[in-house]
1. Residue by residue through region 15-40, note down the ones that are under 24 Å from L102 (Cβ atoms) and part of a helix (DSSP H, G or I).
2. Could you list all residues from region 350-371 that are assigned to a strand (DSSP E or B) and on the phi > 0 side of the Ramachandran plot?
3. Among the residues of region 249-271, write down those that are part of a helix (DSSP H, G or I) and within 18 Å of the chain's Cα centre (by Cα).
4. Of all the residues that make up region 86-140, how many are under 18 Å from L270 (Cβ atoms), outside any loop (DSSP other than H, G, I, E, B) and of a type in the set (A, V, I, L, M, F, W, C)?
5. Which one is nearest to N253 (Cα to Cα) among residues in region 82-121 that are touching a Leu at 6+ places or on another chain (Cβ under 7 Å) and of a type in the set (A, V, I, L, M, F, W, C)?
6. Only one of these conditions is not met by I143: (1) surrounded by fewer than 21 Cβ atoms within 10 Å (Cβ to Cβ); (2) outside the structural domain of P35 (by TED's automatic domain parsing). Which number is it?
7. Inside region 234-262, can you point out the residues that are under 14 Å from D173 (Cβ atoms) and either of a type in the set (V, I, T) or without any contact (Cβ under 8 Å) to a residue 60 or more places away in the chain (or both)?
8. Residues that are more than 21 Å from K152 (Cβ to Cβ), at least 3 per element: which helices (runs of 4 or more DSSP H) completely within region 538-639 meet that?
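The values are calculated or read from the model by the stated rules, or taken from the named source; none is laboratory data. Everything numeric in this text was worked out from a predicted model, so none of it was measured. When we count neighbours, we look across all protein chains shown, and the Cβ atoms used for this are built from the backbone with ideal geometry, even at glycine.
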Amino acid sequence: MTLLELQNLLKDKVRAAAIMHFQMAPDQIVSEIPPKTELGDLAFPAAFELAKVIKQQTGEKQNPRAIAETLKAELEKFDFVDHVEVAGPGYLNVFYNRGKFLRENAVRQFGSETTDGEKICVEHTSVNPNKAAHIGHVRNSVIGDTFQRILKATGKSVEVQNYIDNTGVQVADVVVGFIYLENRDLDSIKKLDAELAAKSETFDYYCWELYAKVGQRYQADEELKAKRAEVLHAIEEGGNDIALLADYVATRNVECILKTMERLSIRYDLLPRESEILHLHFWNRAFETMKERGVIHFENEGKNAGCWVMPFDSHEGTDEHETDKILVRSNGTVTYTGKDIAYQMWKLGLLGLDFYYKPFFKYADGKEVWITTAERSADTHVRAPSFGHGEAVYNVIDARQSYPQEVVKKGVAAIFPEKGEAASVHLSYEMVALSPAAAGELGFEISDEDRKKPFIEMSGRKGLGVKADDLIDRLEANALAEVESRHPNLAADVKPQVAHQLAVGALRFFLLKFTRNTIIVFDFGEALSTEGETGTFCQYSAVRANSIFRKAEEQGLSLLHFQEILEKTHEAATILNDGEAGNEIWSLAILSSRLDETVRQAASQNEPAILAKYTFALAKAFNLFYHHHKILAERDPVKQAVLAVTADMARRSLTSALDIMGIEVPEKM
């Protein structure tokens, strides 16, 4: 029985006991986890709540402590309960049967083997395909990837989408640079791409520099800036040389970005493209549906005259966000918010239209990423899975887009009230900025005024940012130096693999340990640190746990051997109840068992940081346990079995928690 199942069962028993003895129960049975195991494993303030209910229903005043004593007697009949203490004026502090719990959970594996049938769509990354990804994009991707892993761990079927805005203004700016600054056509760009590859340089890095160059030229060259609108119009229209050039540029950048994210174990199922939303007339269908259902109206007067607007009350300061309610401008063009509503309708299976699909990218293990296309051809829909039709959609988009996302959520709910607002979730997060030291380390000129700021915002137009691949390279180089120092005899092909695992663990954990509403001020020193609250520390704890069992195997002591000892004896309870040492062992066992509820809490609160905090706490607890208890040197076979099984519970939960965060456990560190 899992800890979560046990807690729910005890709540049911409290309710049943209340009804049996008092013919009534509180509407909700609340449980609390005491701050120390010495105070109990689970606490119920039910006696206070029941006393209120009795007073409301009968007018009779009951002593909560007397109620608690009655409930206590019933709970102690349950074989998973060792004893119950009534504390203070009426708290029920439940102490589990430690030996029985350890035996029951000695072999249990974490994770759901089946799904509940409900499909969830998670959209994340969605980097403009005009240049290389930077550290801010990586935060989006790591949050999104970890959250979809969390959902899968709770039994959900998840589809991961990466929206590609291949017709947007950022792509247009790079195209302007290629055509008007470098005088290139499509053939010339393809030749450049090949030349870059021959020099081990990447296309997305070249576009990074070109994008920044265009941004600088716009400031002094209005004629060049005017070309943006022409290029953007040609891209959106399609079927012309500029559109073909833009498609090549965007597609090559997408390929580069996918390879970057794969380095961090981040993958996708589908790449829906903006161009297909336009060319397959998704907006037209959504627009007609909105007009039919009366959730959008045409403004005849005022500042929004000539616009189609979706009205609703929301944020204060409506002037700031008024344009986000406009879905069609007075010149007939559709806003981003309007297109997002159409796309959200498709994701939820409400649009009545679909894309065509074709394979785009294949990972090393054969898993395919699909991309949308506007035309049916021999290879479209042949083997494509069914995409979209999610019961709910999570959009991982930064907090600066909160209001447009609210318009999307309310808009879809207004069109389809049977779905409601709960089906559209904005998984927002704050930006990643640079510390002044990091900006200086990257070689950017920092003014005296900027040096006084707590952080400096990154800017793609200024070329100010940490490219994701550069950061990963740097992390791997640091980790490799550490591995070579600690394990010089490790096989030459294994060292880079371990360094990669450490680098990914460091970066992913660094980005996950902060809550989503926290601005991360990126600093190389902190990100590269192996001390304190880091992914490296958590990996090290799991490696240390694995080493115990590797050495045990060398001595002929298997985990099965330890488990069989516990099955044959009831002395484990004596060891687990033996004062401070017993409490320390039990604390680790019970903390290891909280992974289920932690993952569910992270899912229900949409907060991966909850899992990161738990993982670090478990790693700390295990290291303390490791220093205080020498498993392989223990002479008492029962105590040795208790210690070994507890350590195994910790390493299994640590490994599973790290895996959900996309972090592997190296063989050695």
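1. T37, E38, L39
2. Once the filter is applied, which keeps residues that are assigned to a strand (DSSP E or B) and on the phi > 0 side of the Ramachandran plot, region 350-371 yields nothing.
3. L258, T260, M261, E262
4. 3
5. Selected residue: I120.
6. (1)
7. A234, I235, I242, V249
8. Because the criterion is at least 3 residues that are more than 21 Å from K152 (Cβ to Cβ), the helices (runs of 4 or more DSSP H) in region 538-639 that meet it are 559-568, 572-576, 579-592, 609-628.
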